[in-house]
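Peer 1: To start, I am sharing the structure in question, which I have written as structure tokens.
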Amino acid sequence: MRRRSNRAERSALEQDIADELASHLDHCADDLASAGLSLDAARSEARRRFGNTDTIHAACRREDLYENYLMQQLTIGLLALMLVGLAFFTVRQSHAQAVERERITEMHEQLTTLNANFLALPEDTFSGLQMPPEEPTRPESGWVYDVGDTIEIVDSLNPITFGQAGPIRVEPDGQALFPDAGWVMVADRSRQELEQELRQRYKVYYAQIEPRVVLVARGGFSRITFR
Amino acid sequence: MTPKEPDVDLMPGTLDLMVLGVLRAGADHGYAIARRIERASKDAIGIEEGSLYPALHRMQRKKWITSEWGISDSGRRAKFYTLSDAGRKELDRRKSRWEATTRAVRRVLNVGGVA
């Protein structure tokens, strides 16, 4: 409803300007005709003197709709600003994506080269390497410590309890010297058994402790049996 | 009747001042306003319609003048502009400023020995 009203107002405004400019031309032509020109020549001359009617009409319209014109300019300006911002953002994003794509391509090439080099290695390249010992985790597996094994003790509740202890070697008699707990038989015992005993021994010194034994290396000593 | 070219460079706002001054004598339409200015200046000032009509619409927007359709002396329909109270105040303000400016310019010319 309001839009229709605006359109009607605008139409009336356009007509008003057109009528006013036409009135000017008529008055001018009248003067020229009274000065001796024919009616047609007077009209033609009046139009020539007046100049570009459309330009003057547009200038009048701009003055009448100054606020609307300002708002229009502001809107155009904001839209232009938004478009520039969007373009800038898009360019920046695509540049970042291009850089990332290049980085990934480079990484892929490096990995491909590494893989090719790895596959080109002789088969016995890694035969001399020793893998770390397998951690005994399942009591039912029957795994036990042996003479010469190197182990470490840690407290699951407080890592600094045995912080200075370092590696502990299972001596030829099957015992190992633990901090505070003294000599404990380790050989032929599972991890659970050993940890159970250590828990009992450390209860004397610590209110809360959860000793865990970690195998560092398998040993190589010969067993000595004391008869 | 030949088309007139302005003989002088007008300072900004001079057209508004002249239109307001002409309208102080009474309401008139655009064409008559232009002719009255030209006659009053003894054809020294030519008013371009391209400037006059936008100026009239601008002054109407600023409520210095009001407009109303009527019949001119030649019996044609024309839009008549009338000076409003706000326009009268604006005219006085601009007139005193104009006079101060011309006095100042005259003084400068006298000191410089030009006039």
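Peer 1: So how long is each side of the range A:25-97 along the principal axes, counting just the alpha-carbon atoms, biggest first, in Å?
Peer 2: 78, 25, 11
Peer 1: Suppose only helical runs count, i.e. DSSP H with n ≥ 4. What mean residue ellipticity at 222 nm does that imply for the protein assembly as shown under -39500 (n - 2.57) per run, divided by all residues and rounded to the nearest 500 deg cm²/dmol? Working shown, then result.
Peer 2: On the way: 9 runs with 187 residues, N = 342.
It lands at -19000 deg cm²/dmol.
Peer 1: Here's a follow-up. Between A:A58 and A:Q164, what is the label-point separation in nm under the 7 Å Cα-to-beta-carbon projection?
Peer 2: 9.3 nm
Peer 1: Moving on. Hey, what angle do you get for helix A:2-34 against the long axis of chain A, alpha-carbon based, 0 to 90 degrees rounded to 10?
Peer 2: Long axis of A:2-34 versus the principal axis of chain A: about 40 degrees.
Peer 1: Mind listing the phi-derived Karplus ³J(HN,Hα) values for the range A:106-115, rounded to whole Hz, using 6.51, -1.76 and 1.60 with θ = phi - 60°, and x for any glycine or proline?
Peer 2: For the range A:106-115, the Karplus curve yields 4, 4, 4, 4, 4, 5, 4, 5, 4, 4 Hz.
Peer 1: Treating the Cα atoms of the range A:140-223 as identical point scatterers in vacuum, please give the log10 of the normalised Debye intensity I(q)/I(0) at q = 0.20 Å⁻¹, two decimals.
Peer 2: The computed values of log10 I(q)/I(0) come out as -0.87.
Peer 1: Would you mind getting me the FRET efficiency between A:A87 and A:A12? Use the beta-carbon distance for r and R0 = 41 Å, nearest 0.05.
Peer 2: Working: r = 41 Å, r/R0 = 1.00.
So the FRET efficiency works out to roughly 0.50.
Peer 1: Would you work out the relative contact order for chain A, in percent, from Cα pairs under 8 angstrom that are 6 or more residues apart? List each step's numbers first, then the result.
Peer 2: Numbers: 198 pairs, mean separation 36.3, N = 227.
Relative contact order, chain A: 16 percent.
Peer 1: Can you work out the FRET efficiency for the pair B:D73 and A:L78, with r the C-beta to C-beta distance and R0 = 56 Å, to the nearest 0.05?
Peer 2: 0.65
Peer 1: Sticking with this structure for a sec: Take the Cβ-Cβ distance between A:A35 and B:S51 as r, set R0 to 25 Å, and report the resulting FRET efficiency rounded to the nearest 0.05. The partial results should precede the final answer.
Peer 2: Numbers: r = 24 Å, r/R0 = 0.96.
For R0 = 25 Å, the calculated efficiency reads 0.55.
Peer 1: Let me ask something else about it. Which residues does a label at A:D19 reach in the range B:49-72, if reach means a backbone N under 12 Å from a point 7 Å past the Cα toward the Cβ?
Peer 2: B:68-71
Peer 1: In the protein assembly as shown, if every C-alpha pair distance is counted and binned at 20 Å from zero, what percent goes to each bin?
Peer 2: All Cα pairs considered, the percentages come to 19, 23, 12, 8, 11, 21, 6, 0.
Peer 1: Relative to a virtual label point 7 Å from the Cα of B:A27 in the Cα→beta-carbon direction, which members of the range B:75-115 show backbone nitrogen distances below 20 Å?
Peer 2: Output list for this probe position: B:75-91.
Peer 1: Which order do B:M18, A:M107 take by accessible area at a 1.4 Å probe, largest first? Present the calculation step by step, with values, prior to reporting the outcome.
Peer 2: Numbers: B:M18 40, A:M107 90 Å².
I get A:M107, B:M18, largest accessible area first.
The values are calculated or read from the model by the stated rules, or taken from the named source; none is laboratory data. Given the structure is predicted, the values throughout are model-derived calculations rather than measurements. Ideal geometry is used to build each Cβ from the backbone, glycine not excepted, and the neighbour counts take in all protein chains shown. Ligands, DNA and RNA are excluded from the accessible area calculation, which covers all protein heavy atoms including side chains. Shrake-Rupley method; radii C 1.70, N 1.55, O 1.52, S 1.80 Å.
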